[in-house]
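Notes to accompany the following structure.
The values are calculated or read from the model by the stated rules, or taken from the named source; none is laboratory data. Because the structure is predicted, anything quoted here is derived from the model rather than measured. Heads up, the Cβs are rebuilt from the backbone with ideal geometry, glycines too, and the neighbour counts pull from every protein chain shown.
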Amino acid sequence: MNMVRGALRANQEVSRDQILRLFSVSSGEAKKHREMALSYLRTFLKRPQVTASSGLEMVSRQIDAASNGNRQVAFSAYLKFLGENIIPQSSNMASPRCIGHMTSVVPGFVWTLGDLIVGLNQNLVKREASRALTVLERKTLSMLHQAIYGRGEEFYDAQAQSNSSTLGIMTSGATISNLAALWIARNLSLGSLEDFAGIEAEGVGAALAHYGSQQAVIICSSFAHYSIRKAAGILGLGERNVISTPVDRRGRVDLAALQRNVDDCRHRGFRLLAIVATAGTTDCGSIDPLDEVGEIAAVAGTHFHVDAAWGAPLLFSRRYRRKLAGIQRADSVTIDAHKQFYLPIGNSVLLMRHPQASSVIEKQTSYMLQEGSGDLGNRSLEGSRPGSALLLHAALNIIGPRGYGWLIEDNIRKAKVMSRKLRERGLFELVVPPETNIVLYRYIPPGTRKKRQNGALNASDNLFINQLNERIQKTQSDAGRAFVSRTTVENLPGGCSIVALRAVLANPFTTEADIDFVIQDQIEIAEQLLRSRSTVEASTRVGNAN
């Protein structure tokens, strides 16, 4: 109660001019504050260190001390708080030695455009609140649609700005894009008929009963992103009705196993809503054989969705676009612009081959999203959202197809360089041969290297190797000098669960020297961990002897 009274007294002392000044854009003050913020950011981003070595307990105490709701602070004082306490303790995703995440550095022009987006504060749910950006977003979607589907200019002239069609949907992430794709697939498969209003109105149980099916299923590979299972749960299908298909040694869906799963669904009377292929798996960057999967989906008469969140920019590489052969057969495609399009977090796209496909999820209200209004929110899971398409439109024009082609090819070159260096050291094993720019590998300790070469590792050996690699990754991450992530691969042929180190070569500033640093750091950590283990084991033997 005392805190509430204190807050009321503080509010009474605030003048109208003080509050209005916070909403004004004084050129002098704005320039000073922006330069202050950028100076903190530049200093932080220039450091090769990935994370600070101090723990987060101190950060928590600093935030608590600064979070006093009973008083006001000047913006410059708040920026100083961020510059001294928050920015230095953040994860430096731009560090060339931070090679474990699918997000890295963003181009400098994005910083300025981000200010424009925030300042304009357009709401893309409604055309009236985003006049020009609605047109720009539609154009951006048509540019990506053309890159994938390659329709003629007449098609895009007719469809790009049409209020009655939608070539794509901007979302805040690939999870939402995948969910929207499967929402569309579900509604198309279990839609309305003369005597049935469709699953969107009637629900899953009524829809399955009407169509005479026991259950509705989705088929994907065992390396598919977890958002596919998440979508099945949200859509009322159940995660257990996502049928996982084995992969081959390269992490690609096994086509024979996929066909068996499709045949099994037909024999059991299941309603197959969609087959999902992945163009760039999160684990290792592998790409399913899209043309062949698309053919299986076409014969089965089901929706074909491609999750190309990671791999879509390969379309701009003359050398590697062949890896995406068949993507044009997809009914829907997910692209994550905050990955290899190098945009900030919160930029993703769902593209639809047919301009009318998303009509099955269309919603209308009396106060907005009226039929024929052209409001982008009427065919979107999300309501209010910012004009992030401006960033993507800018990147497609400023970096351009050739720029993205160069970036992709340079990334894959670095993955090949790292793979070669790992093999030459003789201390590591490549778990999956890299198909794009993700390298999956593990450190093999001295006592098991010969056994691995002879294919004689037993369960005990693998358990020890897994535990060692887990500790290598955690130790390196805690030290903050460099970073790779780790994953557990459980579905490769052979059935052995493998803890793997995972390097993502996506930062254009990462050099061979940075790669060498990361590898050498891991070797030194491994050797230190093994020495510590030997010391403990020796002490234990002496103790037992006494």
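Can you tell me which residue among N123, N68 is over 29 Å from R402 (Cα atoms) and touching a Ser or Thr at 6+ places or on another chain (Cβ under 6 Å)?
Just one listed residue meets the conditions, N123.
From the list S142, S104, pick out the single residue that is closer than 17 Å to A394 by Cα and either of a type in the set (S, T, Y) or in contact (Cβ under 8 Å) with a residue 40 or more places away in the chain (or both).
Step by step, each of S142, S104 is checked, and only S142 is closer than 17 Å to A394 by Cα and either of a type in the set (S, T, Y) or in contact (Cβ under 8 Å) with a residue 40 or more places away in the chain (or both).
Give the residue, chosen from D288, D283, D307, that is assigned by TED's automatic domain parsing to the domain that holds I184, surrounded by 20 or more Cβ atoms within 10 Å (Cβ to Cβ) and modelled with pLDDT under 95.
Just one listed residue meets the conditions, D283.
If you check L237, L273, which single one turns out to be within 18 Å of A300 (Cβ to Cβ), at pLDDT 95 or above and part of a loop (DSSP other than H, G, I, E, B)?
So the residue among L237, L273 that is within 18 Å of A300 (Cβ to Cβ), at pLDDT 95 or above and part of a loop (DSSP other than H, G, I, E, B) is L237.
From the list S332, S384, S359, pick out the single residue that is out of contact with any Pro (no Cβ under 8 Å at 6 or more places or on another chain) and surrounded by 18 or more Cβ atoms within 10 Å (Cβ to Cβ).
The conditions single out S332.
Looking at (1) more than 18 Å from E490 (Cβ to Cβ); (2) without any contact (Cβ under 8 Å) to a residue 60 or more places away in the chain, which is the only condition E429 fails?
All conditions pass for E429, except number (1).
Within region 128-167, can you find the residues that are at pLDDT below 95 and on the phi > 0 side of the Ramachandran plot?
None - no residue of region 128-167 is at pLDDT below 95 and on the phi > 0 side of the Ramachandran plot, so the list stays empty.
Just to verify a result, which residue in region 46-66, among those that are surrounded by fewer than 12 Cβ atoms within 10 Å (Cβ to Cβ) and small (G, A, S), is nearest to A94 (Cα to Cα)?
S53
Take A201 and tell me if it is surrounded by fewer than 24 Cβ atoms within 10 Å (Cβ to Cβ), assigned by TED's automatic domain parsing to the domain that holds A256 and not hydroxyl-bearing (S, T, Y).
yes
Which is crowded, with 23+ Cβ neighbours inside 10 Å, more than 30 Å from L463 (Cα to Cα), under 20 Å from the mean Cα position of the chain (by Cα) and modelled with pLDDT of 90 or more, of L407, L391?
Just one listed residue meets the conditions, L391.
Within the set of pairs 6 or more residues apart or between chains, which connect a residue that is free of Cβ contacts under 8 Å to residues at least 24 places away in the same chain and charged (D, E, K, R) inside region 437-463 to a residue that is surrounded by 13 or more Cβ atoms within 10 Å (Cβ to Cβ) and assigned to a loop (DSSP other than H, G, I, E, B) with Cβ atoms less than 7 Å apart?
K451/L457; R452/I444
Looking only at region 145-158, which residues are outside any loop (DSSP other than H, G, I, E, B) and surrounded by fewer than 23 Cβ atoms within 10 Å (Cβ to Cβ)?
Q146, A147, I148, Y149, E153, E154, F155, Y156, D157, A158
Would you mind stating whether Q161 is surrounded by fewer than 19 Cβ atoms within 10 Å (Cβ to Cβ), in contact with a Lys or Arg (Cβ under 6 Å, 6 or more places away or on another chain) and over 30 Å from A503 (Cβ atoms)?
So Q161 fits the description; yes.
With the checklist (1) in a helix (DSSP H, G or I); (2) touching an Asp or Glu at 6+ places or on another chain (Cβ under 8 Å); (3) among the basic types (K, R) in hand, flag the one item R402 doesn't pass.
Of the numbered conditions (1) in a helix (DSSP H, G or I); (2) touching an Asp or Glu at 6+ places or on another chain (Cβ under 8 Å); (3) among the basic types (K, R), the odd one out for R402 is (2).
Which residue pairs have Cβ atoms closer than 7 Å, lie 6 or more positions apart in sequence or on different chains, and pair a first residue in region 499-521 that is farther than 15 Å from K416 by Cα and modelled with pLDDT of 95 or more with a second residue that is of a type in the set (S, T, Y) and part of a strand (DSSP E or B)?
Close Cβ pairs satisfying both conditions: V499/T488; A500/Y441; A500/T487; L501/Y441.
Please state which of the following conditions Q146 fails to meet, knowing it meets all the rest: (1) in contact with a Phe, Trp or Tyr (Cβ under 7 Å, 6 or more places away or on another chain); (2) assigned by TED's automatic domain parsing to the domain that holds L314.
Every condition holds for Q146 apart from (2).
For region 484-518, which positions are of a type in the set (A, V, I, L, M, F, W, C), surrounded by fewer than 21 Cβ atoms within 10 Å (Cβ to Cβ) and closer than 19 Å to E424 by Cβ?
Once the filter is applied, which keeps residues that are of a type in the set (A, V, I, L, M, F, W, C), surrounded by fewer than 21 Cβ atoms within 10 Å (Cβ to Cβ) and closer than 19 Å to E424 by Cβ, region 484-518 yields A513, F517.
For residues in region 439-455 being of a type in the set (A, V, I, L, M, F, W, C) and in contact with a helix residue (DSSP H, G or I) (Cβ under 7 Å, 6 or more places away or on another chain), which is surrounded by the fewest Cβ atoms within 10 Å (Cβ to Cβ)?
Among residues in region 439-455 that are of a type in the set (A, V, I, L, M, F, W, C) and in contact with a helix residue (DSSP H, G or I) (Cβ under 7 Å, 6 or more places away or on another chain), the one surrounded by the fewest Cβ atoms within 10 Å (Cβ to Cβ) is I444.
Can you confirm whether N462 is polar (S, T, N, Q), surrounded by 18 or more Cβ atoms within 10 Å (Cβ to Cβ) and outside the structural domain of Q49 (by TED's automatic domain parsing)?
Considered against the rule, which asks whether it is polar (S, T, N, Q), surrounded by 18 or more Cβ atoms within 10 Å (Cβ to Cβ) and outside the structural domain of Q49 (by TED's automatic domain parsing), N462 comes out as no.
Mind checking which helices (runs of 4 or more DSSP H) fall wholly inside region 1-99 and carry at least 3 residues that are at pLDDT 80 or above and among the aromatic types (F, W, Y)?
Because the criterion is at least 3 residues that are at pLDDT 80 or above and among the aromatic types (F, W, Y), the helices (runs of 4 or more DSSP H) in region 1-99 that meet it are 75-81.
Can you name the number of the only condition in (1) of a type in the set (V, I, T); (2) assigned to a helix (DSSP H, G or I); (3) within 23 Å of the chain's Cα centre (by Cα) that T103 fails?
Every listed condition holds for T103 apart from (2).
Considering region 67-79 alone, what residues qualify as being touching a residue at least 24 places away in the same chain (Cβ under 8 Å) and surrounded by fewer than 17 Cβ atoms within 10 Å (Cβ to Cβ)?
G69, N70, R71, Q72, F75, S76
Quick one: which residue in A500, A456 is outside the structural domain of V253 (by TED's automatic domain parsing) and in a strand (DSSP E or B)?
Going through A500, A456 in turn, the sole match is A500.
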